[in-house]
Amino acid sequence: MNRLHFVVCAGLLLAGLDPAAAADPSVEAGRVIFQRNCQTCHGGTGPAASKIGPDLAGIIGRKAGTGSSGVHSRLNVESGEVWTRSSLRRYLSDPGREIPGTLMSTGVRDPKELEDLLDFLETLR
């Protein structure tokens, strides 16, 4: 491993991303979608612009409404949902349909963008 490759991999690990995943085009596309649609309220690639939503690092396998930061709607907390790729796909495509009354008001309707976003979310640790 050359020095530059080592520095890049170390930086990605410190940022919470798997270096192998970061090379995946769908993960990179998902990162862009995250920054465009989600970063304002949610952390994950850095501090959220506002502290509205929970940090999404480690979202896969976590119970809804149990993140350590941000505001969680009572309905998300009471949903009992455990975030898997499948449950996030349903929720992120139309949050208000999946958990009526949720505080999250916007979703990702484009199927390709949604899959790329899910690929990215899986890399957050």
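We did not get these values from a lab; they are worked out from the coordinates using the rules stated. Just so we're clear, the structure is a prediction, and the values are computed from it rather than from any experiment. All Cβ positions, even for glycine, are placed from backbone atoms using ideal geometry, and neighbour counts span all protein chains on display.
Backbone amide hydrogens, once placed in the peptide plane, bring K63 within less than 5 Å of W83, excluding anything fewer than 5 places away on its chain.
Any chance you could run the full-extension gain for R74 through R125? It's 0.36 nm times the residue separation minus the Cα-Cα distance, nm to one decimal. Provide the component values of the computation, followed by the final result.
Values: separation 51, 0.36 × 51 = 18.36 nm, distance 2.50 nm.
Extending this stretch completely gives an extra 15.9 nm.
Taking 0.36 nm per residue of separation and subtracting the current Cα-Cα distance, fully stretching the chain between D94 and S26 would add 22.4 nm. All other residues whose Cβ lies under 13 angstrom from that of K112 are scored, Lys and Arg at +1 and Asp and Glu at -1, for a net of -3.
Test of understanding: what is the full-extension gain from S105 to V82, defined as 0.36 nm times their sequence separation minus their Cα-Cα distance?
Details: separation 23, 0.36 × 23 = 8.28 nm, distance 1.95 nm.
Once the chain is fully extended between S105 and V82, it gains 6.3 nm.
Ranked by the mean number of other Cβ atoms within 10 Å per residue, highest first, peptides 62-69, 112-119, 94-101 order as 112-119, 62-69, 94-101.
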